[in-house]
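Visitor: Pasting a structure below so you can have a look.
Read-outs: derived from the displayed coordinates by stated rules, not from any lab. Here the structure is a predicted model, which means the values were calculated and not measured. In this analysis, Cβ positions are derived from the backbone assuming ideal geometry, glycine residues included, and neighbour counts consider all displayed protein chains.
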Amino acid sequence: MVTFLAGGTGTPKLLDGVDAAFDPAEVTVVANTGDDVELGGLLVCPDLDTVLFAGGSILDRETWWGIDGDTTATHDELGRLAEAADLSGGPRYLPPDRQTAGRRIARWRRFSGVAEFMEIGDRDRAVHVTRTSLLDEGRTLTEATRTLADAFDLDVTLLPMSDDPVATIVHTDEGAMHFQEYWVARRADPAVEDVEFRGSHAADPTPAVRDALDAPVVIGPSNPVTSVGPIRALPGVDDALTETPVVAVSPFVEDEVFSGPAADLMRGVGLDPSTAGVADAYPFVDAFVLDDADGTDLDRPVVRTDTRIDDAADARRVVDAVAAALAEVA
Ligand code: FO1
Ligand code: CA
């Protein structure tokens, strides 16, 4: 058994090659849910869905979110109606006292569906409607995710990190905002001052996640702050990672990041935006996979390969390096 911690695009890209060294039936993927938002009453779980759609071979691989070839008729009409209501122009948080359903609502991640600020495709929306309805019927997010994973024929086991709500809040020079507001609506423009995982102390990793963390763990080249940080913020997770063998793939080549907002976010929380900073952030990691061109001197075993992942062949090469690193420490 092996467990991958996933968020953003880095680990999903790595998972494209997982069968190079692992039997998918023995692979568990624990996905970050700190990015989740409730948009117009629908629970959107971007990091679960990237793994879901990649595993179902329908992911839009230009953007690494949403469904390939999806239409946006509903989203476009929502935009038109927002203008009619004079309500276009950015994310609108819902007032805390308005509950839309009986499920446990986290008010710091609730956005109005008027002026929907994330582009939700039509088929993508069907996933959010289904997930939300299953939660409203009393199922857990873990159960709803299993149903969706079956519907998309996933060959790995996909778990949300928690059934409880956690929200990644980015504190910036323009105030505190949800990660999706910072990333999608503001295009990572405000200066990051701190990052908070709101709700994490009252949240628990699920029993399935606790079990999965007994196996060796792989942290792909995901953003250490907003992709892996929320998972680590759950009670007991860092202790579990200390107890089990862990291999991490650096999302940097020295101080060059492959993609996304990792550098700004790491700087914002006081970490050096580099492979060295990732190693500092991950004291429980037993071995690292670094790029051939990354000469960072680390105090732990290192396996080097070309870590750029543009296609499945690249992913398989990096997965082979991960397996070699695990063999050294497991
Ligand atoms: N990212 C964007 O940059 N713009 C969008 O409009 C957008 C919509 C969206 C809808 C569903 C979904 O699951 C993800 C979506 N993303 C969008 C990606 C998302 O903001 C982030 O990249 C992830 O949260 C990072 O893991
Ligand atoms: Ca360890």
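Visitor: Tell me, what ³J(HN,Hα) does each residue in region 180-197 have, in order and in whole Hz, if you take phi through Karplus 6.51 cos²θ - 1.76 cosθ + 1.60 with θ = phi - 60° and put x for Gly and Pro?
Guide: 5, 5, 4, 8, 8, 7, 9, 6, 6, 7, x, 6, 7, 10, 6, 10, 10, 10
Visitor: Work from the charge dipole of region 202-297 (Cβ charges, +1 for Lys and Arg, -1 for Asp and Glu, about the Cα centre) and give the residue of Pro230, Leu290, Ser274 farthest towards its positive end.
Guide: Highest projection toward the positive end goes to Pro230.
Visitor: Same structure again: Which residues does a label at Thr63 reach in region 188-228, if reach means a backbone N under 16 Å from a point 7 Å past the Cα toward the Cβ?
Guide: Counting only backbone N, you get 188.
Visitor: For a Förster distance of 30 Å, can you work out the FRET efficiency between the beta-carbons of Asp311 and Asp238, rounded to the nearest 0.05?
Guide: 0.35
Visitor: Need one number: nm distance between label points at Asp173 and Ala151, each 7 Å from Cα along Cα→Cβ, rounded to one decimal.
Guide: Inter-label distance under the simple model: 4.4 nm.
Visitor: Another question about this same structure. What does the charge dipole of region 2-328 about its Cα centre add up to, to the nearest 20 debye, if the Cβ of each Lys and Arg holds +1 and the Cβ of each Asp and Glu holds -1?
Guide: 980 debye
Visitor: Can you list residues from other chains, or at least 5 along the same chain, whose modelled amide H is less than 5 Å from the amide H of Val29?
Guide: Correct list: Phe4, Thr157, Leu158, Leu159.
Visitor: Once you wrap a convex hull around the alpha carbon atoms of region 161-251, what is its projected area averaged over all directions, in nm²?
Guide: The number I arrive at for region 161-251 is 6.3 nm².
Visitor: Something else now. Which of the helices in the chain, when you take each full DSSP H run, stretch at least 20 Å along the axis at their Cα atoms and have an average Kyte-Doolittle score of 0.0 or higher?
Guide: 312-329
Visitor: Amide H to amide H under 5 Å from Ala176: which residues, 5+ apart in sequence or cross-chain, H placed 1.01 Å off N in plane?
Guide: Hits under the 5 Å cutoff: none.
Visitor: Please give the peptides 16-26, 30-40 ranked by average Cβ packing (other Cβ atoms within 10 Å per residue), highest first, as a rough proxy for protection.
Guide: The most tightly packed comes first, giving 30-40, 16-26.
Visitor: Let's test the formula: R0 of 51 Å, r as the Cβ-Cβ distance of Ala126 and Asp297. What FRET efficiency results, to the nearest 0.05?
Guide: For Ala126 and Asp297, the calculated efficiency is 0.55.
Visitor: Provide the gained length on full extension for the span Glu83 to Asp23, in nm with one decimal, where the gain is 0.36 nm per separating residue minus the Cα-Cα distance.
Guide: Length difference between fully extended and current span is 16.6 nm.
Visitor: Using only DSSP helix segments of four residues or longer, with each worth -39500 (n - 2.57), what per-residue ellipticity at 222 nm results for the chain after dividing by its residue count and rounding to 500?
Guide: After summing the helix terms and dividing by the residues of the chain, the value is -9000 deg cm²/dmol.
Visitor: Would you please give the residues with an amide H less than 5 Å from that of Ser222, counting only those at least 5 places away or on a separate chain, with H modeled from the backbone geometry?
Guide: Counting only residues 5 or more places away or on other chains, the set is Thr11.
Visitor: Which translational diffusion coefficient, to the nearest whole µm²/s, is obtained for the chain from the Stokes-Einstein equation, given a Kirkwood hydrodynamic radius over C-alpha pairs, 4 °C and 1.567 mPa s?
Guide: 65 µm²/s
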